[in-house]
């Protein structure tokens, strides 16, 4: 999940550079795990909120952030009841987590609620790969499926950015 090998193979900065972030942005890293993307995001934006269903993962994120001297807000949630103010976030970021959300319509509704007008949802999922894809690492999920669910939730302007065997699907709050 977070190792030197993974950072070498998949430098988080490469993906983050494709998100068109501003220094003043507030970002929620949903399904943050041990903070693989949370810590680099914290270096890039004004405020980062790390969200995970696992208290253990949040503890690891907090520990990793302390080691790097970064301030990270932590929130334990499955996405269906985010304890964040309406219209308080510029970007909701999910990396290989969308396929794991149990109640996607409710979580997407919460994401929409907390996003500022014109705020964005960035969903990174593996959408292609070789014969071993899906057997190791995250499963393959089709872009059309993610797009449909994002649009059904009320997001517009779906943009797709290719990133290795992944797609970054970006929806915007109207």
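The values are calculated or read from the model by the stated rules, or taken from the named source; none is laboratory data. Computed from a prediction, not measured in an experiment: that's the story for all the values here. Counting neighbours? That spans all protein chains shown, and the Cβs are built from the backbone with ideal geometry, glycine included.
Restricting the range 56-113 to residues that are farther than 20 Å from residue 126 by Cβ and in contact (Cβ under 8 Å) with a residue 60 or more places away in the chain leaves a set whose member that is surrounded by the fewest Cβ atoms within 10 Å (Cβ to Cβ) is 88.
Within the range 138-167, residues that are free of Cβ contacts under 8 Å to residues at least 40 places away in the same chain reach partners that are assigned to a helix (DSSP H, G or I) and surrounded by 12 or more Cβ atoms within 10 Å (Cβ to Cβ) with beta carbons closer than 7 Å, at six or more positions or on different chains, in the pairs 158/147; 158/150; 158/151; 160/143. Among the residues of the range 23-39, those identified as crowded, with 24+ Cβ neighbours inside 10 Å and more than 20 Å from residue 67 (Cα to Cα) are 27, 28, 30. In this structure, residue 133 does not satisfy being modelled with pLDDT of 95 or more and more than 16 Å from the chain's Cα centre (by Cα).
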